[in-house]
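What follows is a set of notes on a single structure, which appears directly below.
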Amino acid sequence: MDTKAWIALALFLLTILSIARGWLKASTATLLGASTMMLFRIVSGSEVSSHIDSNTVGLLVGMMVVVGILSKTGIFQYIAVKAIKITKGNGTLILLSVSLITALLSAFLDNVTTVLLVSPVVVSLAELIKINPLPLLLCEVIASNIGGTATLIGDPPNMIIGSYAGFSFNDFIIHLSPLVVIVWVCVMAFLCWLYRKDLIADKEATERLKEVNESRLIKDKGLMIRSCIVMAMVLIGFVFHHHIGITASVVALFAAGLLLAMSKLDDGEVIHKEVEWPTIVYFVSLFVLVGGLQENGVILCFAKGLSGFLSGSPMVMMLGILWISGLSCIFVNNVAFAAMFVHVVSEMARTAGMPPEPLYWALAMGCCLGGNGSYLGSAANAVLADFAERGGIPIPFNTFLSVGLKVVFISLTISSLFLLGVYGFSL
């Protein structure tokens, strides 16, 4: 690597350290790191825009507006009270219900969208039964990354891998959904045990809620109906957008514009208050930082070194890709990692003279499940952390990391056994 490559790597590592140690907030740290790269021409000015994933940014802005308008109708409070009545205020059952719904939604929606939809309900649930919302929020986002692993459209790394490898929607369902079910059960069992003392609801609050008529929590029935119609259109659009040749961001932005027009709310106020601009700044800056690593050959150099180290046994290559991608995506955005490493996997398979499919599946598992490690690994994690902080529920980087590392280790261990069981005798 040349001097610019080393500087790019140093800036990236310093940015991560600043976030991890709490020296700077995530959006500030990434903005400072990205702007420093541009100032010293580590990233060329003409290439900056090419590194920014406009689809992710557009998706975030659009869904923030849609969810913000939806929240004004009172529907999230309605769902929260209904859930409490069904589960009788049992904190463990609520955690499992939230995580199951989140995982199922994430299989058919982008996991960022799912987090934006479910998080307001989770916070309302926690407030009503007076329990710490942190365990529910962490379980929610972890479930979103696990559920998103199951399908082609559930997590952005799968879209990249599926497009490159030529995998269909059904291919992902067949090869990854059995693993996802096992991982979800094991991880949720661990989290229920980990947070067993935090999931005890206030009995008096739960009893009082039994007398609440949840239908009265709906503040604007007309707006709720219009919002739900638009939300249904969004869900249909997300499922079929790749068939009609438009991106998920176009679906989200069109829905935002349509709902703003239908709601007759002050559009300036909605856009100002409901769009979480620090999150947008974080993602744009992170894309530039990772772009600096790509542009200066840091990621490629890293990938080539791993390729040489793992070459030989197909089984070692497969498990090596799983663990390296899983551990790397704790600190590197899993979309950027998948975009670069998919080429390395193809070359490794060609060199070893083996079918590439098992390596692609290992990469998908590692990128998606490894994203549960920290804020930096998955877009959904960063969105959740910012949402929680705006709601007065800060989630320190080290707190997320301490839980995330355990979840990643459990997930990758199960994935290793799964891969050995499926491909152990055929490689």
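The values are calculated or read from the model by the stated rules, or taken from the named source; none is laboratory data. Keep in mind the model is a prediction, meaning the values are calculated, not measured. We place every Cβ from the backbone using ideal geometry, glycine too, and count neighbours over all the protein chains shown.
Conditions (1) of a type in the set (Gly, Ala, Ser); (2) within 16 Å of the chain's Cα centre (by Cα); (3) part of a helix (DSSP H, G or I); (4) surrounded by fewer than 23 Cβ atoms within 10 Å (Cβ to Cβ), marked per residue:
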| site | (1), (2), (3), (4) |
| --- | --- |
| Leu59 | no, yes, yes, no |
| Ile79 | no, no, yes, yes |
| Lys82 | no, no, yes, yes |
| Thr92 | no, no, yes, yes |
| Ser97 | yes, no, yes, yes |
| Ala103 | yes, yes, yes, no |
| Pro120 | no, no, yes, yes |
| Val123 | no, no, yes, yes |
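May I ask you to list the residues in the stretch 243-263 that are among the small types (Gly, Ala, Ser) and part of a helix (DSSP H, G or I)? If the condition is that a residue be among the small types (Gly, Ala, Ser) and part of a helix (DSSP H, G or I), then Ala248, Ser249, Ala252, Ala255, Ala256, Gly257, Ala261, Ser263 are the ones that fit.
In the set Arg196, Arg226, only one residue is under 30 Å from Leu417 (Cα atoms) and charged (D, E, K, R); that residue is Arg196.
Within the stretch 322-340, the set of residues being part of a helix (DSSP H, G or I) and of a type outside the set (Val, Ile, Thr) comprises Leu322, Trp323, Ser325, Gly326, Leu327, Ser328, Asn334, Ala336, Phe337, Ala338, Ala339, Met340.
Give all pairs with beta carbons closer than 8 Å in which a residue from the stretch 237-250 that is closer than 16 Å to Asn111 by Cα meets a residue that is surrounded by 15 or more Cβ atoms within 10 Å (Cβ to Cβ) and of a type in the set (Asp, Glu); count only pairs at least 6 apart in sequence or on separate chains. Once the first residue is closer than 16 Å to Asn111 by Cα and sits in the stretch 237-250, its partners that are surrounded by 15 or more Cβ atoms within 10 Å (Cβ to Cβ) and of a type in the set (Asp, Glu) give Phe238/Asp110; Ala248/Asp110. The residues of the stretch 378-425 that are among the small types (Gly, Ala, Ser) and touching a residue at least 60 places away in the same chain (Cβ under 8 Å), listed by number, are Ser378, Ala379, Ala380, Ala382, Ala385, Ala388, Gly391, Gly404, Ser411, Ser415, Ser416, Gly424.
Ser325 meets each of the listed conditions (1) within 21 Å of Leu17 (Cα to Cα); (2) touching a residue at least 60 places away in the same chain (Cβ under 8 Å) apart from (2). If you go through the stretch 288-304 one residue at a time, do you hit one that is in a helix (DSSP H, G or I), without any contact (Cβ under 8 Å) to a residue 24 or more places away in the chain, surrounded by fewer than 16 Cβ atoms within 10 Å (Cβ to Cβ) and out of contact with any strand residue (DSSP E or B) (no Cβ under 8 Å at 6 or more places or on another chain)? Checked the stretch 288-304: no residue is in a helix (DSSP H, G or I), without any contact (Cβ under 8 Å) to a residue 24 or more places away in the chain, surrounded by fewer than 16 Cβ atoms within 10 Å (Cβ to Cβ) and out of contact with any strand residue (DSSP E or B) (no Cβ under 8 Å at 6 or more places or on another chain).
Annotation for the stretch 125-132: at least one member residue is over 27 Å from Val281 (Cα atoms), modelled with pLDDT of 80 or more and of a type in the set (Asp, Glu). When the stretch 258-285 is filtered for residues that are more than 19 Å from the chain's Cα centre (by Cα) and surrounded by 14 or more Cβ atoms within 10 Å (Cβ to Cβ), the ones remaining, listed by number, are Leu258, Leu259, Leu260, Met262, Ser263, Leu265, Asp267, Val270, Ile271, Glu274.
Checking each residue in the stretch 125-140 for being part of a helix (DSSP H, G or I), of a type outside the set (A, V, I, L, M, F, W, C) and surrounded by fewer than 24 Cβ atoms within 10 Å (Cβ to Cβ) picks out Glu127, Pro133, Pro135.
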